[in-house]
Amino acid sequence: MPAYATNMRFKFPILALTLEVIIIILFAVFVVYDDGKSSHGSGHDTSNDTHVDNMVLYPMFQDVHVMIFIGFGFLMTFLKRYGFSSVGINLLLAAFGLQWGLLMQGIWHMDHGKIKVTILKMINADFSTATVLISFGAVLGKTSPVQLLIMTVLEIAIFAANEHLVAESLKANDVGASMIIHAFGAYFGLAVARMLYRPGLRNGHENDGSVYHSDLFAMIGTVFLWMFWPSFNSAIADSGVPQFTAVVNTYFSLAACVLSAYAISSLVEHKGKLDMVHIQNATLAGGVAVGTCADMNIGPFGAMLIGFLAGIISTLGFKFLSPVLAANLGIQDTCGVHNLHGMPGILGGLAGIVAVALGKKEGGDAAMQAAALASSLGFALVGGAVTGFIMKLPVWGQPPDQNCFDDSIYWEVPEEEEENEESLAHGEHSKNKAEA
Amino acid sequence: MPAYATNMRFKFPILALTLEVIIIILFAVFVVYDDGKSSHGSGHDTSNDTHVDNMVLYPMFQDVHVMIFIGFGFLMTFLKRYGFSSVGINLLLAAFGLQWGLLMQGIWHMDHGKIKVTILKMINADFSTATVLISFGAVLGKTSPVQLLIMTVLEIAIFAANEHLVAESLKANDVGASMIIHAFGAYFGLAVARMLYRPGLRNGHENDGSVYHSDLFAMIGTVFLWMFWPSFNSAIADSGVPQFTAVVNTYFSLAACVLSAYAISSLVEHKGKLDMVHIQNATLAGGVAVGTCADMNIGPFGAMLIGFLAGIISTLGFKFLSPVLAANLGIQDTCGVHNLHGMPGILGGLAGIVAVALGKKEGGDAAMQAAALASSLGFALVGGAVTGFIMKLPVWGQPPDQNCFDDSIYWEVPEEEEENEESLAHGEHSKNKAEA
Amino acid sequence: MPAYATNMRFKFPILALTLEVIIIILFAVFVVYDDGKSSHGSGHDTSNDTHVDNMVLYPMFQDVHVMIFIGFGFLMTFLKRYGFSSVGINLLLAAFGLQWGLLMQGIWHMDHGKIKVTILKMINADFSTATVLISFGAVLGKTSPVQLLIMTVLEIAIFAANEHLVAESLKANDVGASMIIHAFGAYFGLAVARMLYRPGLRNGHENDGSVYHSDLFAMIGTVFLWMFWPSFNSAIADSGVPQFTAVVNTYFSLAACVLSAYAISSLVEHKGKLDMVHIQNATLAGGVAVGTCADMNIGPFGAMLIGFLAGIISTLGFKFLSPVLAANLGIQDTCGVHNLHGMPGILGGLAGIVAVALGKKEGGDAAMQAAALASSLGFALVGGAVTGFIMKLPVWGQPPDQNCFDDSIYWEVPEEEEENEESLAHGEHSKNKAEA
């Protein structure tokens, strides 16, 4: 297959080292420790003792950190032969993205020409990587590490622009980021996936599925995401009542979502059985959908209604909508991010419009909420299409169809005990396999 | 097998959706955010700034959350073919149980007809699910999701009644819940298991065992439970000295328990080898047994003595007592909850009586401690027997003996790579397997 | 093989029980709860309300706890047949070590003849076990549980002496313990490994490698270590600016390290592929290397430079240096601790000398920093050699060469589904296997 230059030996190291060197230079010029003297406009920095205040957010920062690195990383290990890439490339993109995100978000909020690092800014930097990891889910198994680093550079820059527009210009509410992270990340990724459409995978791929233990690894990701989502939705909320409200709403939305996701999974599956894809993903839709309203006075039962509905929509999306998108629109969405982040993200944006219109948030403006949703979707679709076009250039080492969903094209993979399977009889063998 | 209607297609979704809808309605009527104006009688809410106080407990809440969802969930994945159910049904029961628990505990402490949600109440709601998850361990592999939801409804209601009696009427000390959670959950589950006795499993079942990697998944659960147990035992302690004491006592009790559990495992096993069942479970008995005394002035060495003894009793229970209970009393205890939660829970209750009698807790009363232990065991055994009787009704989709301990009866299970094993040659095949 | 008495039946239980009984007696005599009246010389205990202050550190303590028990434990599960020992013996050694470490560190800081437990002391006790777990990595797969308990007793005593010398006599800075934990633990372990050199393993061992899922289990360890390293490096820093600085520096050092480790891994591997050994380990070198300077005013970009360099050195070490050490110096370093903890630890010590010389730490003295590094290496090499000599005595149940890297010599191992492999055709079979 001469058309595919998947050898990463120089492309990838040169790109990675170059990016890191550029970032270190930019940090040397622009980034300093917060000295507690700046005024950020955030509710967290009103005290004199900023560093102690800073550290008050540290446990929530760590919860978010776990969601980014364990949650997203392991959620994607459900594929039978793609676990190294799922958790490994997740680590790479997030580690790069948090540095880049701090810069891209920071340039909108310079203080005397400097970006002053706080725990709050580190949380936001982690958040910016979440958009990339959501988009990664849409193209999982079909892209090279080089393509994904390029996507990270572009997506985070576009995310930061949209986030600034939504938060500062529109002054819209989106504390848990249903719109600016979840919907944005999903539709950005779907636009990229559309650009990278592979007709050769229309009939599926033998490695595009799980085995028993890969589904259990994925549940590590699911459960950590599920548990720490209250931290995600409340970490940047104003301290006091709003933060507490965001924790409570997210806790109950997720709990209600579990019941509806399980029920609908059983209802639509063969013999009433539960489907791991639904359980791994749709149980989280309540966290996505309650994001925009999380700090609003919607009542615990209001949060539960949102979660309940999100679980239903998400599960039905996996069952009925994803196959249609793949077959008719050429959108091959490996992890079904449309069902976990896309539709629930829009639901969250709509719920936010309604809640603000009903006066559940002091000073909110329903029109600005709607503009924020539209802006997020617009930036995502246009940005994703442009990014996908760039990623499609035939020089980034994209894998050929037959090597999709297979770690061994970019990783040294150990010889398996169950080696005699025909499914490993690819043209591409790892060093260890060759020794077998 | 016409007697077994294990198809969950309508039973399970209808029950799950109905329960969730009822809960949302009850929440709409009764549950509000805490406004900081109530007086709970808890040491945590004495400050004016209740919401900040509330959030002080948030990191401990998250530790407990991890124990409930990762700890219990993965601890039960040791079975070779029952990992989906272990972690998946654990998530279902806990997500439902925390909503139900908040209501069942809340009705005993209404404030102007409302239940006011605090982080402390969310911790208690998580706690109430722990009883169910302990009982789940006793019947793991032998019950349908419908039976388990019914058990959750009944067990949490009974737990809340006993907890109210113990804490409010008897005014007994049980900060780490050796009696009201561990002993209660274990004996409740054992009573259920006795009612659901299966003569057909007297000689074991080929799926009632582990494989190498399932034992490693279980260790994820063990280690998270072990690490965060100091949070479990101290989360609802009065802040200041009692909470700090509970952390220290639990930390050292668990450490001592590890040494005795390993030593006894090696002593009683073939050729001095260690047994994973003991390591996964008996190393945690120190956390259970120190629960009642956790906030008492028993000294670090006192805590270590309790943990040391608990590790011995628990390991010996797994080795010698469980086979006797199964063979002679018809109590088939899949996870050995009698050894991890039952006997160590009673040990904890007894240690509490002694410690209070020795004046280690200001204001304690040894007779009330004894009454609390008796009450917890009584509620558990009677409640469990009644619940087991209801669960035994032949309409809840209970699996036939040959499909016990097998995910594929209630889950879509992916085709395994090592598919040609004869152990999968059941009457029941998953869709994917059928394609193989 | 009459020379190898690997049956642990009496040796191990007697040693474990004896050690625990001695520790409980020592605790009864010496260890009490902190009453808030002592003066520790630590920045954390200046307030009157010590117990609340104490609990402020509790979330960081739990992060460190997760690193010790999940991080180190699962990082070592990469071996295909040694996961039980990796996570199980890790738990044993750490649970014993934290009790022993509290005593060994405490005797240097007695207060009226008592050791007063605080959360800070519990963090330090956890830290002391880290040295043992690092050394464990060097000899993983080649030692018995009895040998490892002996190593724990000796290594923690020697660690505590060196730590006291470095911190109290030299007054050197090493907040994140690059020197006193990482370099010390690594070179101690390498000295032990040298003493236990096995010529029979010169050509490798069939079990000294990973399988697909064992590499994924190891990534659980890697990612938890990576995420919580900012807590490790800042937990014992003075609160306020130094602690905040340590968090920020570690966060950025680790992020930069990921990029360089991935880049170099791809550069040196066959066809530009990534190697899991590098990803699992070298991505963490930035946390090690920034340790000594973590609380110094080196700037975020300074931290990134250190991490960037550490990722390069560590990856190159795995690729080129480890084979040389094994072949020419007889140092068989199972986990490559020289590359993750040894060289990056020295780099951290050197960076600390430079940073102090440049005035990045008030009151620092570059000569004392150099003395601290030399002391740590000296104590490690001499202590490790003596300890290795004692461990080599032929009475501790050391495994013969052919049973190295195999759980089944010390553990009951379940029958595997893929049982028909020839790799299990050892002389040693577990009970369950014998039944197959």
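Could you please tell me which pairs satisfy a Cβ distance under 9 Å, a separation of 6+ or placement on different chains, a first residue in segment C:9-35 that is touching a residue at least 60 places away in the same chain (Cβ under 8 Å) and more than 7 Å from chain B (Cβ to nearest Cβ), and a second residue that is assigned to a loop (DSSP other than H, G, I, E, B) and surrounded by fewer than 18 Cβ atoms within 10 Å (Cβ to Cβ)?
Close Cβ pairs (under 9 Å, with a partner that is assigned to a loop (DSSP other than H, G, I, E, B) and surrounded by fewer than 18 Cβ atoms within 10 Å (Cβ to Cβ)) amount to C:Lys11/C:Ala5; C:Lys11/C:Val395; C:Phe30/C:Met110; C:Phe30/C:Gly113; C:Asp34/C:His40.
Yes/no matrix, rows are residues, columns are (1) modelled with pLDDT under 95; (2) under 19 Å from the mean Cα position of the chain (by Cα); (3) not small (Gly, Ala, Ser):
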residue: A:Leu154; (1), (2), (3): no, yes, yes
residue: A:Ile158; (1), (2), (3): no, yes, yes
residue: A:Ala161; (1), (2), (3): no, yes, no
residue: A:Leu165; (1), (2), (3): no, no, yes
residue: A:Ser169; (1), (2), (3): no, no, no
residue: A:Val175; (1), (2), (3): no, yes, yes
residue: A:His182; (1), (2), (3): no, yes, yes
residue: A:Gly185; (1), (2), (3): no, yes, no
residue: A:Val192; (1), (2), (3): no, yes, yes
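Of all the residues that make up segment C:265-282, how many are facing chain A (nearest Cβ under 7 Å) and either assigned to a helix (DSSP H, G or I) or touching a strand residue (DSSP E or B) at 6+ places or on another chain (Cβ under 8 Å) (or both)? Lay out the reasoning, then the answer.
Keep residues of segment C:265-282 that are facing chain A (nearest Cβ under 7 Å), which gives C:266-267, C:269-276, C:279.
Add one more test, that the residue is either assigned to a helix (DSSP H, G or I) or touching a strand residue (DSSP E or B) at 6+ places or on another chain (Cβ under 8 Å) (or both), and what stays is C:266-267, C:270-276, C:279.
Counting residues in segment C:265-282 that are facing chain A (nearest Cβ under 7 Å) and either assigned to a helix (DSSP H, G or I) or touching a strand residue (DSSP E or B) at 6+ places or on another chain (Cβ under 8 Å) (or both) gives 10.
Quick one: would you say B:Gly137 is surrounded by 24 or more Cβ atoms within 10 Å (Cβ to Cβ) and at pLDDT 95 or above? Walk me through how you get there before you give the answer.
Working: surrounded by 24 or more Cβ atoms within 10 Å (Cβ to Cβ): yes; at pLDDT 95 or above: yes.
It is true that B:Gly137 is surrounded by 24 or more Cβ atoms within 10 Å (Cβ to Cβ) and at pLDDT 95 or above.
Can you find a residue in segment C:336-351 that is of a type in the set (Val, Ile, Thr) and surrounded by fewer than 22 Cβ atoms within 10 Å (Cβ to Cβ)?
From segment C:336-351, those of a type in the set (Val, Ile, Thr) are C:337, C:346; that's our starting set.
Next, from what is left, pick out any that are surrounded by fewer than 22 Cβ atoms within 10 Å (Cβ to Cβ): none.
No.
Within segment C:197-251, restricting attention to residues that are among the charged types (D, E, K, R), within 11 Å of chain A (Cβ to nearest Cβ) and not in a helix (DSSP H, G or I), which residue is nearest to C:Leu91 (Cα to Cα)? It would help to see each step written out before you state the result.
Here is the first cut: in segment C:197-251, the residues among the charged types (D, E, K, R) are C:198, C:202, C:206, C:208, C:215, C:238.
Still in the list and also within 11 Å of chain A (Cβ to nearest Cβ): C:206, C:215, C:238.
Checking the rest, the ones that are also not in a helix (DSSP H, G or I) come to C:206, C:238.
Working: C:Glu206: 26, C:Asp238: 29 Å.
Step by step, filter segment C:197-251, then rank; the result is C:Glu206.
Kindly establish whether B:Ala256 is more than 9 Å from chain C (Cβ to nearest Cβ) and more than 21 Å from B:Gly137 (Cβ to Cβ). Explain how you work it out, then say what you get.
Details: more than 9 Å from chain C (Cβ to nearest Cβ): no; more than 21 Å from B:Gly137 (Cβ to Cβ): yes.
No, not satisfied.
For segment B:36-74, what are the residues that are at pLDDT below 85, assigned to a helix (DSSP H, G or I) and within 11 Å of chain A (Cβ to nearest Cβ)? So that I can check it myself, show each step before the final result.
In the first step, residues of segment B:36-74 are kept if they are at pLDDT below 85; the result is B:36-54.
Then keep just the ones that are assigned to a helix (DSSP H, G or I); that gives B:43-45, B:50-54.
Those that are at pLDDT below 85, assigned to a helix (DSSP H, G or I) and within 11 Å of chain A (Cβ to nearest Cβ): B:Thr50, B:His51, B:Val52, B:Asp53, B:Asn54.
How many residues does segment A:292-310 contain that are more than 9 Å from chain B (Cβ to nearest Cβ) and more than 20 Å from A:Val241 (Cβ to Cβ)?
So the answer is 3.
Output the number of residues of segment B:121-156 satisfying the condition of being away from every other protein chain (no Cβ under 12 Å) and either free of Cβ contacts under 8 Å to residues at least 40 places away in the same chain or part of a helix (DSSP H, G or I) (or both).
Step one: filter segment B:121-156 for residues away from every other protein chain (no Cβ under 12 Å), giving B:124, B:127-128, B:130-143, B:147, B:150-151, B:153-156.
So of that shortlist, the ones also either free of Cβ contacts under 8 Å to residues at least 40 places away in the same chain or part of a helix (DSSP H, G or I) (or both) come out as B:124, B:127-128, B:130-139, B:147, B:150-151, B:153-156.
The qualifying residues number 20.
Going by the structure shown, is B:Phe252 free of Cβ contacts under 8 Å to residues at least 12 places away in the same chain and closer than 16 Å to C:Ile123 by Cα?
Values: free of Cβ contacts under 8 Å to residues at least 12 places away in the same chain: no; closer than 16 Å to C:Ile123 by Cα: yes.
Answer is no for this residue.
Can we say A:Val87 is at pLDDT 95 or above and either assigned to a helix (DSSP H, G or I) or within 16 Å of the chain's Cα centre (by Cα) (or both)? Quick ask: steps written out before the conclusion?
Working: at pLDDT 95 or above: yes; either assigned to a helix (DSSP H, G or I) or within 16 Å of the chain's Cα centre (by Cα) (or both): yes.
Considered against the rule, which asks whether it is at pLDDT 95 or above and either assigned to a helix (DSSP H, G or I) or within 16 Å of the chain's Cα centre (by Cα) (or both), A:Val87 comes out as yes.
Give just the number: which of (1) buried (at least 24 other Cβ atoms within 10 Å of the Cβ); (2) out of contact with any strand residue (DSSP E or B) (no Cβ under 9 Å at 6 or more places or on another chain) does B:Leu316 not satisfy?
(1)
When B:Gly349 is evaluated against the numbered criteria (1) in a helix (DSSP H, G or I); (2) over 16 Å from B:Asn233 (Cα atoms); (3) under 21 Å from the mean Cα position of the chain (by Cα), which criterion, by number, is the only one it fails?
(2)
If A:Ala289 meets every condition in (1) crowded, with 24+ Cβ neighbours inside 10 Å; (2) within 10 Å of chain B (Cβ to nearest Cβ); (3) more than 22 Å from B:His213 (Cβ to Cβ); (4) not aromatic (Phe, Trp, Tyr) apart from one, which number is that one?
All conditions are met except number (2).
The values are calculated or read from the model by the stated rules, or taken from the named source; none is laboratory data. Computed from a predicted structure; not experimentally measured. Here the Cβ is made from the backbone with ideal geometry for all residues, glycine too, and neighbour counts use every protein chain on show.
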